[in-house]
Structures are given as C-alpha cells and as structure tokens.
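Asker: Starting off with a structure, shown below.
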Amino acid sequence: PIPFDKTSTWGKGADKGPSAIIKASQNMELYDIETKSEIYQNGIFTAKPIKEKTSASMIERTYNVTKKLLADKKFVVTLGGEHSISQGPIKAFVERYKNLSILHLDAHSDRRESYDGTKFSHACIMARAEEMVNNVVSIGVRSLDASELKSLRPEKIFFAEEIIGSKDWMKEVIKQLSGQVYITIDLDVFDPAYLPSTGTPESGGLDWYTVLKLLKLVVSNKEVVGCDIVELAPNELERSSDFLAAKLVYKILSYKFS
C-alpha cells in the first residue's frame, strides 16, 4: 500500500485508496468462479503502508522496497495512491526484467513532461515510465493535452472510442507487448458507471468484462511479472468502487496463479 496523494489536481482522496481496497477485500468471497480457484491459499501478504511526504522520497523508498521484494522472488502488487506511485516500482522492475514492456490502462495519456511545476505529477507518470522502458502500450485513453501528441506512438495507444465495439484490438495489444509485462491500472480506465470513485472520472470508459478479458489474454500469452492499481478515491456513500478495485486485484492473482 502506498497512500500518497500530493500531486492530484481535482478530486482528492487517493491516499485513502489502499486502506479502502484492503478493507473491501476482507468482505469478498474468496472462491473465483471463472478460474475455479481459491488463490488466497497460495499465500497473500499485505506489507506495511509506505508513507512519505514528498514525491522524491516516496519514489526512492518505493523503489528500494520493491527491489527487495523482487529479490525475495515475490509477485509484487502496489496499491495507490495517485498514479505517480508507479515510478519507484517500475524502476525496480526495469532493473530486474530486461525484456519488460508496460501495459497501461488509463483514461488519460499521462505523458506530460511536467505539470503544475513538477515532473513527478500523476499527469506525467507515463512520460517518466517511457524514460525507463521503450515499450509502453496504453489502453482506454480518452483524454489528453495537445502537448502530449508528439510523444504518442500510434501503434502503442488504443483510444477508448476506437476499441469499444471492436473485435480484434486485443490481439493487436498482445502483438505490441514484449515477453515480460508489468501492468499499471489507473481505475479511471473504467467508465464512471462502473467506478465513479476516482479523482478524474472520464465518460466513455471500459466495462468490467472487457478489462477482465484483456487481462486474462495478457496473462495467458505473456509473463506478467507485477502490477499496480491506482487512483481509487473512496467515497463513504459509494462502496462499490472499493469492492471493484479489490476484486480486480484478486482476479489478476487468480489469472496468474490458478
């Protein structure tokens, strides 16, 4: 858990996301119908939250903790927090896996060079990732700034309006990914009808089963080495978003280990 929310620019509360996901997970049915498994029996350990006051210290500490866990041969899932928390873990994964690509599910491109005076903003995380990894494939994007256009590679970005209702786009995603894949999921990739409790909800997003179908296909065809789930901004009056996020983590683990 990385309860960090320093650079978000509209809806606040992502720092409460990790605890909300963990709390929701305690109320889930642990049998997964699709995979016919109870993957918790393999062993799931929840580490202590990483709490830092600045972006630089957060990135450095999350990098060091992730590096240590990977050396111990753990499958590492980080829970955000705003999307900038992905930078430290990605750095650790890049150092360990030499054939790494990133599957990026998000309503936003997140490729601004800087935002609000900092290159560590949640709006810049994929720009930072592409400084470390040559292969970032983005899914579900439907919002970006004109300044980001020059950094987009058409074959590596799958806009929501182009893939919804299309049949063959998932096969093309698989072609674009390398053998080893790190998955980063900004929960605003989902349409707000499915997940309203996020800092910057965008209409026209993906649905639950489309995301699951993609994730299952990627796990089946590639070596998924780790992932993060970010940008849950829990609302006490709307708990379904918390539950979706928790179940999404469990589904990824079920696909990976069942």
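Asker: Shape call for segment 84-185 from the C-alpha gyration tensor, a ≥ b ≥ c root eigenvalues: rounded (a/c under 1.5), prolate (a/b greater than b/c) or oblate?
Answerer: Taking the square roots of the gyration eigenvalues as a ≥ b ≥ c, segment 84-185 is oblate.
Asker: Going by the alpha-carbon gyration tensor, a ≥ b ≥ c the square roots of its eigenvalues, is the chain rounded (a/c under 1.5) or, if a/c is not under 1.5, prolate (a/b greater than b/c) versus oblate?
Answerer: Cα axes put the chain in the rounded bin.
Asker: Which whole-Hz ³J(HN,Hα) couplings does segment 74-90 yield from phi under the Karplus relation 6.51 cos²θ - 1.76 cosθ + 1.60, θ = phi - 60°, glycine and proline marked x?
Answerer: 8, 8, 9, 10, 9, 10, x, x, 6, 5, 5, 5, 6, 5, x, x, 4
Asker: In Å², and per residue, what accessible area does the chain have when probed at 1.4 Å with the other protein chains present?
Answerer: Value for the chain: 47 Å² per residue.
Asker: Another one. Is the C-alpha gyration tensor of segment 216-258 telling us rounded, prolate or oblate? Criteria: a/c under 1.5 is rounded; beyond that, a/b larger than b/c is prolate, otherwise oblate.
Answerer: Here segment 216-258 falls in the prolate category.
Asker: Calculate one ³J(HN,Hα) per residue across segment 160-177 by plugging θ = phi - 60° into the Karplus curve 6.51 cos²θ - 1.76 cosθ + 1.60, and present them in order as whole Hz with x for glycine and proline.
Answerer: Taking θ as phi minus 60°, the curve returns 4, 5, 8, 9, 5, x, 7, 9, 9, 5, 5, 5, 5, 4, 4, 4, 7, 8 Hz for segment 160-177.
Asker: Given +1 on the Cβ of Lys and Arg, -1 on the Cβ of Asp and Glu, and no further charges, what dipole in debye does segment 154-258 carry about its Cα centre, rounded to the nearest 20?
Answerer: The calculated dipole for segment 154-258 is roughly 660 debye.
Asker: What is the set of long-range amide H partners of VAL136 at a cut-off below 5 Å, with H atoms built 1.01 Å from backbone N?
Answerer: Close amide H contacts, sequence-distant or interchain: ILE102.
Asker: Sticking with this one: Calculate the radius of gyration of the Cα atoms of segment 64-121 to one decimal place, then report Dmax, the largest Cα-Cα distance, as a whole number, both in Å.
Answerer: 12.9, 38
Asker: Sequence-distant or interchain residues sharing an amide H contact under 5 Å with GLY226, placed H: which?
Answerer: ILE183
Asker: Continuing with the same structure: Any idea which of ILE125, SER178, SER147 is furthest toward the positive side of the dipole for segment 107-244, if Lys and Arg beta-carbons carry +1 and Asp and Glu beta-carbons -1?
Answerer: With unit charges placed on the Cβ atoms, the residue in question is SER178.
Asker: Now for a separate question. Please state the charge dipole magnitude for the chain, taken about the Cα centre, from unit charges on C-beta atoms (+1 on K and R, -1 on D and E), reported in debye and rounded to the nearest 20.
Answerer: In debye, rounded to 20, the chain gives about 960.
Asker: Given 25 °C and 0.890 mPa s, compute D for segment 4-60 with the Stokes-Einstein relation, Rh being the Kirkwood radius over Cα pairs; round to the nearest whole µm²/s.
Answerer: Once the numbers are plugged in, D ends up at 173 µm²/s.
Asker: Long-range amide H contacts for VAL141: which residues qualify at under 5 Å (H placed 1.01 Å from N, peptide plane, sequence gap of 5 or more or a different chain)?
Answerer: Counting only residues 5 or more places away or on other chains, the set is ASP106, PHE158, ALA160.
Asker: Here is a follow-up. Express in nm, to one decimal, how much length is gained between LYS74 and LYS12 on full extension, taking 0.36 nm for each residue of separation and deducting their alpha carbon distance.
Answerer: Length difference between fully extended and current span is 19.2 nm.
Asker: In whole Hz and in residue order, list the ³J(HN,Hα) couplings for segment 140-155 that follow from phi through the Karplus curve 6.51 cos²θ - 1.76 cosθ + 1.60, θ = phi - 60°; x for Gly and Pro.
Answerer: With coefficients 6.51, -1.76 and 1.60, one gets x, 5, 8, 7, 7, 9, 4, 5, 7, 4, 5, 9, 7, 9, x, 6 Hz.
Asker: Using the Cα centre of segment 173-218 as the reference point, and only Cβ charges (+1 on K/R, -1 on D/E), how large is the resulting charge dipole? Debye, rounded to the nearest 20.
Answerer: Using only the charged Cβ atoms, the result is roughly 320 debye.
Asker: Report, to the nearest whole %, how much of the accessible area of segment 95-165 belongs to carbon and sulfur atoms, 1.4 Å probe, protein only.
Answerer: 48
Asker: May I ask for the distance between the Cα centers of segment 1-72 and segment 167-224, given as a whole number of Å?
Answerer: Segment 1-72 and segment 167-224 have Cα centres separated by 18 Å.
Asker: Another question, if that's okay. How much mean residue ellipticity at 222 nm does the chain get from its helices, if each DSSP H run of length 4 or more adds -39500 (n - 2.57) and you divide by all residues, to the nearest 500 deg cm²/dmol?
Answerer: Result for the chain: -10500 deg cm²/dmol, rounded to the nearest 500.
The values are calculated or read from the model by the stated rules, or taken from the named source; none is laboratory data. Keep in mind the model is a prediction, meaning the values are calculated, not measured. Neighbour counts run over all protein chains shown; Cβ positions are idealised from the backbone, glycine included. Heads up: the accessible areas ignore ligands, DNA and RNA and are worked out on the full protein's heavy atoms, side chains in. Shrake-Rupley method; radii C 1.70, N 1.55, O 1.52, S 1.80 Å.
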